[in-house]
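The values are calculated or read from the model by the stated rules, or taken from the named source; none is laboratory data. Treat the numbers as computed from the prediction; the structure is a model and nothing was measured. Don't worry about glycine lacking a Cβ; one is built from the backbone with ideal geometry, like all the others, and counts go over all protein chains shown. Heavy atoms of the whole protein, side chains included, go into the accessibility calculation; ligands, DNA and RNA do not. Shrake-Rupley method; radii C 1.70, N 1.55, O 1.52, S 1.80 Å.
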Amino acid sequence: MPPLLNFLDDLERTGIYYCLERNRPEAIMVRMDIPGERWEVEFFADGSIEVKVFRATDAGILSGDEARAALVRLLSDPADR
């Protein structure tokens, strides 16, 4: 649970609006709407994290190091919002 709580703290610190959803019994989803994009970050009971990014032109699923890098960019660069 700490990764989820830390992530929510980061979102609040950076002013990114989010909502929580539960679409799978083993995960909690954090949904963020950013101009031109929708991000869905699911935190699973086993500790894994899945990130889906839906853009106006495409959709993709990121995982592992790629997902972590995308989240760091999202949380650290206000120009990306």
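Mind counting the residues in the range 31-45 that are over 21 Å from Arg73 (Cβ atoms) and not in a loop (DSSP other than H, G, I, E, B)?
Final tally of qualifying residues: 1.
Kindly list, by first and then second residue, each pair from a residue in the range 13-40 that is under 15 Å from Lys52 (Cα atoms) to a residue that is part of a loop (DSSP other than H, G, I, E, B) and of a type outside the set (Lys, Arg), limited to pairs with Cβ atoms under 8 Å and residues at least 6 apart or on different chains.
Ala27/Ala45; Met29/Asn23; Met32/Ile16; Met32/Tyr17; Asp33/Tyr17; Ile34/Ile16; Gly36/Ala56; Glu37/Ala56
Just one of the numbered conditions (1) at pLDDT 95 or above; (2) basic (Lys, Arg); (3) surrounded by 17 or more Cβ atoms within 10 Å (Cβ to Cβ) is not true of Lys52; which one?
Going through (1) at pLDDT 95 or above; (2) basic (Lys, Arg); (3) surrounded by 17 or more Cβ atoms within 10 Å (Cβ to Cβ) one by one, Lys52 breaks only (1).
Just the residues that are under 18 Å from Arg73 (Cβ atoms) and assigned to a strand (DSSP E or B), please, taken from the range 1-30.
Passing the criteria: Tyr18, Val30.
Take the range 14-35 and flag every residue that is out of contact with any helix residue (DSSP H, G or I) (no Cβ under 9 Å at 6 or more places or on another chain) and open to solvent by less than 50 Å² (accessible area, probe 1.4 Å).
Those that are out of contact with any helix residue (DSSP H, G or I) (no Cβ under 9 Å at 6 or more places or on another chain) and open to solvent by less than 50 Å² (accessible area, probe 1.4 Å): Cys19, Ala27, Met29.
Please verify whether the range 58-76 includes one or more residues that are within 21 Å of Met1 (Cα to Cα) and at pLDDT 80 or above.
Scanning the range 58-76 turns up no residue that is within 21 Å of Met1 (Cα to Cα) and at pLDDT 80 or above.
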